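The values are calculated or read from the model by the stated rules, or taken from the named source; none is laboratory data. All values derive from a computational prediction rather than experimental measurement. Every residue, glycine as well, gets a Cβ built from its backbone with ideal geometry; the counts of neighbours run over all protein chains shown. Heavy atoms of the whole protein, side chains included, go into the accessibility calculation; ligands, DNA and RNA do not. Shrake-Rupley method; radii C 1.70, N 1.55, O 1.52, S 1.80 Å.
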Amino acid sequence: MVQRSLAVAFLVALAWGAGLPPPATAETGYDLWLRYTPVQDAALRDAYRRSASSVVMTLGSPTGRAIADELKRGLEGMLGAPIRVSARIEREGAVLVGTPAASRLIAGFGWADRLERAGNEGFVIRSAFAEGRRVTVIASLGETGALHGAFHFLRLLQTRQPIEPLDIVERPRIGLRLLNHWDNLDGSIERGYAGRSLWDWARLPDVVDPRLRDYARANASIGINGTVLNNVNANPQSLTRPYLEKAAAIASVLRPYGIRIFLSANFAAPRLIGRLPTADPLDPRVAAWWRAKAVEVYGLIPDFGGFLVKANSEGQPGPQDYGRTHADGANVLADALAPHGGVVMWRAFVYSEKVDPDRVKRAYMEFVPLDGRFRDNVIVQVKNGPLDFQPREPFSPLFGAMPRTPLMAELQVTQEYLGHSNHLVYLGTMWEEFFRSDTYAAGPGSTVARVVDGTVHRYRRTGIAGVANTGSDQNWTGHHFGQANWYAYGRFAWNPDLAAAAIADEWIQMTWSHAPRVRETIRSIMLGSREALVDYSMPLGLHHLIGGDHYAPMPENPDPRREDWSAIYYHRADRNGIGFDRTRRGSGAVDQYHKPLSDRFDNLATCPENLLLWFHRLPWDHRLRSGGTLWEGLVRHYDRGVASARSMVSAWEGLRGEIDPERFEAVLGKLRIQAADAEAWRHKCLRYFQQFSGRPIDARRGNQR
Ligand code: BDP
């Protein structure tokens, strides 16, 4: 990739010299948002060359080399001139990178305050003078911070912003910023839609795919600092010695990029691979087994991050198998990891029907009573919504309900319920809605962002996880626009108060184009895409209208295995109306939220219309605040969703010739699938609900379609 992009950069530079337009190069999407395309504006390019003339690297470590490589690659690509990397300042306008520990020059600036504010993973970027020369300094207390700073600096150029003078201090708001891979040891990926797993377990540890370095670069560029390698439905084999050795080989590629590895642990491992008769967390043999396992893991992977556990959820083993609590279970692992500095991320995705008839209430009911009973190195990992990654859910009421237990948010980057890798759905707007939701846990302004970043409850540990959408597809994510969700996830993990629109715009410039019309068009496609999907699939608070594949509409789905895997359990449509009554007269789920939110959800007059049927069961002729009856509103939303999906196709077609043909055609093909799918959703759902409503689908035309 290095050679190719350099060759391209020089060809482009030659073409400029001859006054020719830059050649259209074939693009596969492999380079993600790290394409480093040439700066076309000559004045800007000259300004950049003056302030980024060369790289002075003061770190001799693998991370230092990674930073130098990236800066060289990025600057050469964008500026079309060779960039020298040296250990000393040799010319005006150098980019000086390092830590105060490694560089006397950096230590000498007297920036202790700023560096302290930035921390080990954050950075300071400042214009300064050193040895009588103008320099741009990228500094951090930690090498990883310097790496993040280098990527930030490159992003300024990638988004064509001024780089002189700079005075930037950035610190990540959340401590653990992880990807969760639901990758199986056989190479398949649960809910993965972009090919096979990136981890080639069969060839590891001897053969390590060079692609992993590009995976690490991409993640480091957005500040991701950890990755859970294997599926939460964990094969216990992943904790056996051969697999730990394979994991260690992956860890060594990711390490220079500031990314630690974690593993999903099967709670029954002491029994399944340890030959103990039990996995009871209170049995001393079990505790000893986990302690020994931790010693073994850290012997191979000294900076191992910890375990992620899905327990007593969807058939996975757990402490309740022995009459113990989630806290008992988490704590036995936490005690084993504590001496090594590891954490346990214990998932709250549980929904035993014994707990409550309403599935969305159960996690709260199981976990809130355990608040304060977890060890210091346990973080409870909670999905954004109380159900399961639906196109729209209210935030999980656990956020704001566990002041004494750090909670981390789990977002799903892979589009399990949102059109897989066929639909263009920018999730940034969905996550923004989530982060900005006010929990009222400590009064107004207690947003989810402030719960997750630890401010509201003063959590000592903070974290966030994104279920990855990556795979072995050449473009990593199946759909070229899936890359935007990977990117946006990382940016929000760094700062959950960022704006979805601003993140989209950064990504568009780095991935597609700087041309204002292209940027505008793509941005409006992206920003409307999530609402379009909600409209054509599950509008007005409807949810789970799917079957086994979680792709096609299946509102009639009566899952014989479990009522709460059915669609009919959630929409409850009949002649009298539709919706799940979660008010105080119904399941009472509203009261898992703090006041005044609980009242707002409970009251039909104040419940947000986009969550109406999540909280209320209503007659077909109920009058919507937005006008018309509920049935008419439903039809209107489905119609609007289909219209939006179609207009995405025509908007994209309008970009023909402005985007490289490979990616243009690939996206166009998928947008057409999406428009057809949207139509199918509308048709299927409205026909199905019409059996109950008995009302016309198109009143104007008076027919039934
Ligand atoms: C559901 C998925 C299932 C996962 C589960 C989980 O359908 O494949 O195993 O979540 O998060 O959304 O554990």
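Rolling a 1.4 Å probe across the protein heavy atoms gives region 516-556 an accessible surface of 29 Å² per residue. Within region 555-649, the trypsin sites (Lys or Arg not before Pro) that combine a DSSP coil assignment with at most 16 other C-beta atoms in a 10 angstrom radius are Arg561, Arg562, Arg572, Arg575, Arg584, Arg585, Arg625. If the chain linking Arg160 and Glu520 were pulled fully straight, counting 0.36 nm for each residue of separation and taking away their Cα-Cα distance, it would gain 128.0 nm. The amide H of Val95, built 1.01 Å from its N in the peptide plane, has Ser53, Ser54, Val55, Val56, Thr136 as neighbours under 5 Å, considering only residues 5 or more places off or on other chains. Approximating the spin labels as points 7 Å out from Cα along Cα→Cβ, the Arg572-to-Arg404 distance works out to 3.5 nm. Only Lys, Arg, Asp and Glu carry charge here, each on its Cβ (+1 for the first two, -1 for the last two); on that basis region 55-163 has a dipole of about 260 debye about its Cα centre.
Remark: region 310-439 carries a charge dipole of roughly 160 debye about the Cα centre, counting +1 on each Lys and Arg Cβ and -1 on each Asp and Glu Cβ. A dipole drawn for region 104-244 from +1 and -1 charges on Cβ atoms has a positive end, and of Ala194, Val207, Ser127 the residue lying farthest that way is Ser127. Taking amide H as placed 1.01 Å from N in the peptide plane, the amide H of Gly547 sits under 5 Å from that of Ala552, Met554, each at least 5 places away or on another chain. The slack between Arg104 and Gln40, meaning 0.36 nm per residue of separation minus the straight C-alpha distance, is 19.3 nm. Per atom type, the chain shows carbon and sulfur on 52% of its accessible surface, probed at 1.4 Å. For the chain, what is the percent of antiparallel DSSP beta bridges, rounded to the nearest 5? Antiparallel bridges: around 30 percent, rounded to the nearest 5. Report, ordered by chain and residue number, the lysines lying within cross-link reach of Lys246, taken as a straight Cα distance under 17 Å and ignoring same-chain residues fewer than 8 apart. List returned: Lys293. Over the chain, dividing the summed -39,500 (n - 2.57) contributions of all DSSP H runs of at least 4 residues by the number of residues returns a 222 nm mean residue ellipticity of -12000 deg cm²/dmol.
Of the two radii for region 537-590, the radius of gyration is 0.98 times the Kirkwood radius, both from the alpha carbons; that is the Rg over Rh value. Applying 1/(1 + (r/R0)^6) with R0 = 35 Å to the Cβ-Cβ distance of Glu314 and Ser626 gives a FRET efficiency near 0.40. The 3J(HN,Hα) values that the Karplus relation (6.51, -1.76, 1.60; θ = phi - 60°) gives for region 210-221 are, in residue order, x, 4, 4, 5, 5, 4, 5, 4, 4, 5, 4, 5 Hz. Gly and Pro appear as x.
Picking from Asn603, Gly299, Val360, whose Cα lies most toward the positive end of the charge dipole for the chain (charges on Cβ: Lys, Arg +1; Asp, Glu -1)? Of the listed residues, the answer is Asn603.
Go through region 197-279 and name the trypsin sites (Lys or Arg not before Pro) that are in a DSSP coil and have 10 or fewer other Cβ atoms within 10 Å of their Cβ. Within region 197-279, the qualifying trypsin sites (Lys or Arg not before Pro) (loop, at most 10 other Cβ atoms within 10 Å) are Arg275.
A Förster radius of 30 Å combined with the Cβ-Cβ distance from Val295 to Asp497 puts the calculated FRET efficiency at roughly 0.15.
Is there a quick way to get the dipole size of region 132-262? I mean about its Cα centre, with the Cβ of Lys and Arg at +1 and of Asp and Glu at -1; what is the value in debye to the nearest 20?
The calculation lands at about 320 debye.
Ranking Ala42, Trp111, Pro284 by how far each Cα lies toward the positive end of the dipole of the chain (charges on Cβ) leaves Trp111 at the top. Loop-resident GluC sites (Glu not before Pro) (DSSP state other than H, G, I, E or B) in region 80-153 with no more than 13 further Cβ atoms inside 10 Å of their Cβ: Glu90, Glu92, Glu131.
Note on Thr28 and Ala202: their simple-model spin labels are 2.0 nm apart, each label 7 Å out from Cα toward Cβ.
Going through the cross-link list Lys310/Lys354; Lys361/Lys670; Lys310/Lys670; Lys383/Lys670; Lys361/Lys595; Lys354/Lys684, which pairs have a Cα-Cα distance over 25 Å in this structure? Flagged as over cut-off: Lys361/Lys670; Lys310/Lys670; Lys383/Lys670; Lys354/Lys684. Remark: spin-label model distance Thr455-Arg117 equals 1.5 nm, labels positioned 7 Å along the Cα→Cβ axis. Sequence-ordered 3J(HN,Hα) estimates for region 295-304 from the Karplus curve with 6.51, -1.76 and 1.60 and θ = phi - 60° stand at 4, 4, 4, 6, x, 8, 10, x, 9, 3 Hz, glycine and proline given as x.
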